[in-house]
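K.L.:
Just passing along the structure, written as structure tokens.
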Amino acid sequence: MSKLSLTLACWNYDRTRALQDGRIRPDGIELNYLCMPVEETFFRMLRHREFDVAEMSLSSYTMSLFKSDRPFIAIPVFPSRFFRHSSIYVNAGSGIREPHDLIGRRVGNPEYQMTAPVWIRGLLAEEYGVAIDAVTYCTGGEEEPGRPEKLQLDLPPSIRIERIGADKALAAMLRDGEIDALYTARSPSSFRNGDGRVRRLFEDFVPVEKDYFRRTGIFPIMHTVVIRRDVHERHPWVAQSLYKAFCEAQRETYADLNEMAALKVMLPWAAAHVEEARRDMGDDFWPYGLERNRHVLATFLRHHHEQGLSPRQLEPEALFAPQTLEAFRI
């Protein structure tokens, strides 16, 4: 019997590479892995639903669940996680030294609904008292003009959104002082060029992020994996098959990180970094599945609702295919 052919759009991660090169094959599935940057994957899946399975922004996916056709259903796999204190950039001449200094400022977000800014706005509100409606959000392309919101927004009037000019880009605006700060997933070119006009708000961010994890237990989830709902309805078994394969690929990556006879990653002190991560976060420091991530997901869904992106606050179970929420026992 022939296998079901499915196309997966996902970036080139160590934790998915065994799926990309075919070393691990999902049961009953012939997987066509399209490797592309996340922005392209998200745009093509959200606008045109081009793929059977795709990596997706957790925020965009959550918003999609309020559409009448609910086009996607997720599995509890999280290819991207990131502590986001390091992703708050400020103009060095703006006078912003502390998070509280952001109040009343103009802050760039490539898209208001992006997952990274959702986490950033949430932690700034809860940890530092920077209310969601305390700044003006300027949205548009980070490096190139013309980036739109991929999904239509319906926000409370207290949240102020301004589209930047059609010929403007946020990285340059931050450098030139046209905006005071930027919440983003990618470090802007105006920071990377190193001329000092753009800096991080939290310059020594690692201790801050470690403290945040110790206090909250949150390692922020950025992306999940979604199946087109029509595919899942025709073949409900694919959810568990894909979930098992992603978990197996991740286990292989954990084994690679623990291999110290010859380094499999190009980090000279990989051993120290892995030992530190296991000491601070446990052996399974990048967990998949619902239960290990319930608190993280519940926090994100609360932020999402409080920021006007969800008309009501969802429970974590509402995100995932039911086949992935329990397993057989012998």
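The values are calculated or read from the model by the stated rules, or taken from the named source; none is laboratory data. Since this is a predicted model, take the numbers as computed values, not measurements. Because the Cβ atoms are built from the backbone with ideal geometry, glycine has one as well, and the counts that use them run over all protein chains shown. Each accessible area value is taken on the protein alone, full model and side chains, heavy atoms only, with ligands, DNA and RNA left out. Shrake-Rupley method; radii C 1.70, N 1.55, O 1.52, S 1.80 Å.
K.L.:
At 25 °C and 0.890 mPa s, what whole-number value in µm²/s does Stokes-Einstein give for the translational diffusion of the chain, with Rh from the Kirkwood sum over Cα pairs? Walk me through the numbers before you get to the answer.
P.N.:
Details: Rh = 20.9 Å.
So the translational diffusion coefficient is about 117 µm²/s.
K.L.:
Evaluate the charge dipole of the stretch 9-51 about its Cα centre and quote only its size in Debye, nearest 20, assuming +1 on the Cβ of each Lys and Arg and -1 on the Cβ of each Asp and Glu.
P.N.:
Numbers: 7 positive and 7 negative charges, 12 e Å.
Value, rounded to 20: 60 debye.
K.L.:
Sticking with this structure for a sec: With the chain treated as a Gaussian network of Cα nodes joined by springs under 10 Å, which of Thr224, Thr41, Thr216 yields the largest mean-square fluctuation?
P.N.:
Thr216
K.L.:
Any chance you could list the semi-axes, whole Å, largest first, of the equivalent ellipsoid that the Cα gyration tensor gives for the stretch 153-225, using √(5λ)? Spell out each step's value before the answer.
P.N.:
On the way: eigenvalues 133, 89, 29 Å².
The answer is 26, 21, 12 Å, longest axis first.
K.L.:
Please determine, in degrees from 0 to 90 and to the nearest 10, the orientation of helix 38-48 with respect to the longest principal axis defined by the Cα atoms of the chain, where the helix direction is its Cα long axis.
P.N.:
Around 80 degrees separate the two axes.
K.L.:
Where in the chain lies the longest segment free of chymotrypsin sites (Phe, Trp or Tyr not before Pro) that are both loop residues by DSSP (not H, G, I, E, B) and have at most 10 other Cβ atoms within 10 Å?
P.N.:
On the way: sites that count: Trp269, Phe328.
That gives 1-268 as the longest site-free run.
K.L.:
Starting from the Kirkwood Rh over alpha-carbon pairs, what translational D in µm² s⁻¹ does the stretch 86-193 have by Stokes-Einstein at 37 °C and 0.692 mPa s?
P.N.:
Working: Rh = 13.7 Å.
Using the Kirkwood radius from Cα pairs, D works out to 239 µm²/s.
K.L.:
Calculate the dipole size of the chain relative to its Cα centre from +1 charges on Lys and Arg beta carbons and -1 charges on Asp and Glu beta carbons; express the result in debye to the nearest 20. Don't skip to the end; give the middle numbers.
P.N.:
Details: 43 positive and 47 negative charges, 65 e Å.
It works out to roughly 320 debye.
K.L.:
Over the chain, with the other protein chains present, what is the accessible area per residue in square angstrom, probe 1.4 angstrom? List each step's numbers first, then the result.
P.N.:
Values: 15410 Å² over 330 residues.
Ligands and nucleic acids excluded, the result is 47 Å² per residue.
K.L.:
Quick one: pull the percent of accessible area on the chain belonging to carbon and sulfur, 1.4 Å probe, ligands and nucleic acids left out.
P.N.:
Details: 7860 of 15410 Å².
The nonpolar share, carbon plus sulfur, comes to 51 percent.
K.L.:
Give the residue from Ala327, Ala255, Tyr33 lying farthest towards the positive end of the charge dipole for the chain; charges sit on Cβ (+1 for Lys and Arg, -1 for Asp and Glu) and the dipole is referred to the Cα centre.
P.N.:
Checking the options against the dipole of the chain, the answer is Ala327.
K.L.:
Using helices alone, what [θ] at 222 nm do you get for the chain, with -39,500 (n - 2.57) per DSSP H run of 4 or more residues, divided over all residues and rounded to the nearest 500? Mind dumping the intermediate values first?
P.N.:
Numbers: 11 runs with 111 residues, N = 330.
Only helices count here, giving -10000 deg cm²/dmol.
K.L.:
Still on this structure: Sorted from largest down, what three extents in whole angstroms do the Cα atoms of the stretch 174-290 have along their principal axes?
P.N.:
Sorted from largest, the Cα extents of the stretch 174-290 read 52, 44, 30 Å.
K.L.:
Then there is this: With the cut-off at 1.5 for a/c, could you classify the stretch 219-258 from its C-alpha gyration tensor as rounded, prolate or oblate?
P.N.:
Details: a/c = 4.80, a/b = 1.80, b/c = 2.67.
Taking the square roots of the gyration eigenvalues as a ≥ b ≥ c, the stretch 219-258 is oblate.
K.L.:
Same structure again: Give the distance, in whole Å, between the Cα centre of the stretch 26-45 and the Cα centre of the stretch 163-223.
P.N.:
Each part's Cα centre sits 28 Å from the other's.
K.L.:
Per the Kirkwood definition applied to all pairs of different Cα atoms, how many angstroms is the hydrodynamic radius of the stretch 119-246? If you can, show how the numbers build up before the last one.
P.N.:
Details: mean 1/r = 0.0554 Å⁻¹.
Result for the stretch 119-246 stands at 18.0 Å.
K.L.:
For the chain, build the charge dipole from Cβ charges (+1 Lys, Arg; -1 Asp, Glu) around the Cα centre, then report which of Asn91, Asn193, Val238 sits farthest towards its positive end.
P.N.:
Val238
K.L.:
Compare Ser60, Ser80, Ser158 in a GNM of the chain, Cα atoms joined below 10 Å, and give the one with the largest fluctuation.
P.N.:
Ser158
K.L.:
Out of the stretch 2-85, which GluC sites (Glu not before Pro) are coil in DSSP terms and have no more than 16 other C-beta atoms within 10 Å?
P.N.:
Values: sites: Glu30, Glu39, Glu40, Glu50, Glu55; in loops: Glu50.
Listed in order of number, the matching sites are Glu50.
K.L.:
As an exercise, find the ratio Rg/Rh for the stretch 19-165 from alpha-carbon atoms, using the Kirkwood inverse-distance average for Rh. Don't skip to the end; give the middle numbers.
P.N.:
Details: Rg = 17.9 Å, Rh = 17.6 Å.
Over the Cα atoms of the stretch 19-165, Rg/Rh equals 1.02.
K.L.:
Taking the Cα centre of the stretch 1-79 as origin, work out the dipole magnitude from +1 charges on Lys and Arg Cβ and -1 charges on Asp and Glu Cβ, in debye rounded to 20.
P.N.:
Details: 10 positive and 10 negative charges, 25 e Å.
With only Lys, Arg, Asp and Glu charged at Cβ, the dipole is about 120 debye.
K.L.:
Right, another one. Could you pull out every one of the lysines with an alpha carbon less than 22 Å from that of Lys168, ignoring same-chain neighbours closer than 8 positions?
P.N.:
Reachable lysines: Lys150.
K.L.:
Now, a different point. What distance in nm separates the simple spin-label points at Ser189 and His48, each placed 7 Å from Cα in the Cβ direction?
P.N.:
Going by the 7 Å Cα→Cβ label model, 2.5 nm.
K.L.:
I would also like to ask the following. Lys/Arg Cβ at +1, Asp/Glu Cβ at -1, dipole of the chain taken about the Cα centre: which of Ala131, Ala318, Ile164 is farthest positive-ward?
P.N.:
Among Ala131, Ala318, Ile164, the one farthest towards the positive end of the dipole of the chain is Ala318.
K.L.:
Per q in 0.13, 0.15, 0.19, 0.22 Å⁻¹, report the Debye log10 I(q)/I(0) for the stretch 241-330, using one uniform scatterer on each alpha carbon and no solvent.
P.N.:
Scattering profile of the stretch 241-330, log10 relative to I(0): -0.65, -0.79, -0.98, -1.08.
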